[in-house]
Amino acid sequence: MDTLTALKRLDLWDRQGRYVFARADLAKIFHEDHPRALKAGLQRLVTKEILLRPVRGVYVYARSRSAGSDTIEHVARALRRGDYNYVSLESALSEYGAISQIPVDRLTVMTTGRKGEYRTPFGTIEFTHTKREPIDILPGIRDVGRPLKLATPAAAWRDLKRVGRNTHLVNEQELSARG
């Protein structure tokens, strides 16, 4: 892939609001490239700072006009595509004002996929595995117009207790007021 072609295709996707890609996505976008040529082309785009590689297998279009404060959630979604993922635990409780310390550079995500922690330029993503079935997860999450759904206050509190995390930072009165 040449740089001009890459920029045109990535700009086209960016205009549609898509600027974070798994490697498999880029293989489809640059379908004419053989795997070795794709790997070399992606490395050239990273070197030229057209693409950022925040974690292995995920790329962010550095010249994106769509990028915003939710980029870390896009990266998390790309890392666990195909699994149910939602913001919960300390991140959700902090958004509801029910936790005394705000996790500034950390996103806590419940997932039906495997657990893991990923340090990225956008912050650290912490995946915590849940064995719960999607049918049991869905009533406790809501779409708030971001890449990942957000746990309700009750679901985030339940998740925090279920995984054995520190609960003494939670203001239960504030949590009760949020419902």
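The values are calculated or read from the model by the stated rules, or taken from the named source; none is laboratory data. These numbers come from a predicted model, not from an experiment. Glycine gets a Cβ as well: all are built from the backbone with ideal geometry, and neighbour counts include every protein chain shown.
Across the range 141-179, the number of residues qualifying as surrounded by fewer than 12 Cβ atoms within 10 Å (Cβ to Cβ), touching a strand residue (DSSP E or B) at 6+ places or on another chain (Cβ under 7 Å) and not aliphatic (A, V, I, L, M) comes to 1.
Could you please find all residues in the range 1-39 being crowded, with 16+ Cβ neighbours inside 10 Å, touching a residue at least 40 places away in the same chain (Cβ under 8 Å) and assigned to a loop (DSSP other than H, G, I, E, B)? Matches in the range 1-39: Met1, Arg18, Tyr19. Residue check: Ala76 meets all listed conditions (1) under 21 Å from Asp159 (Cβ atoms); (2) at pLDDT below 95; (3) not basic (Lys, Arg) but one, namely (2). Pick from Gly123, Gly82, Gly113: which is surrounded by fewer than 16 Cβ atoms within 10 Å (Cβ to Cβ) and either on the phi > 0 side of the Ramachandran plot or at pLDDT 95 or above (or both)? Of Gly123, Gly82, Gly113, the one residue that is surrounded by fewer than 16 Cβ atoms within 10 Å (Cβ to Cβ) and either on the phi > 0 side of the Ramachandran plot or at pLDDT 95 or above (or both) is Gly82.
The rows are residues; the columns are (1) touching an Asp or Glu at 6+ places or on another chain (Cβ under 8 Å); (2) in contact (Cβ under 8 Å) with a residue 40 or more places away in the chain; (3) acidic (Asp, Glu).
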| site | (1), (2), (3) |
| --- | --- |
| Val55 | no, yes, no |
| Tyr84 | no, yes, no |
| Leu89 | yes, yes, no |
| Gly97 | yes, yes, no |
| Val104 | no, no, no |
| Lys131 | no, no, no |
| Arg142 | no, no, no |
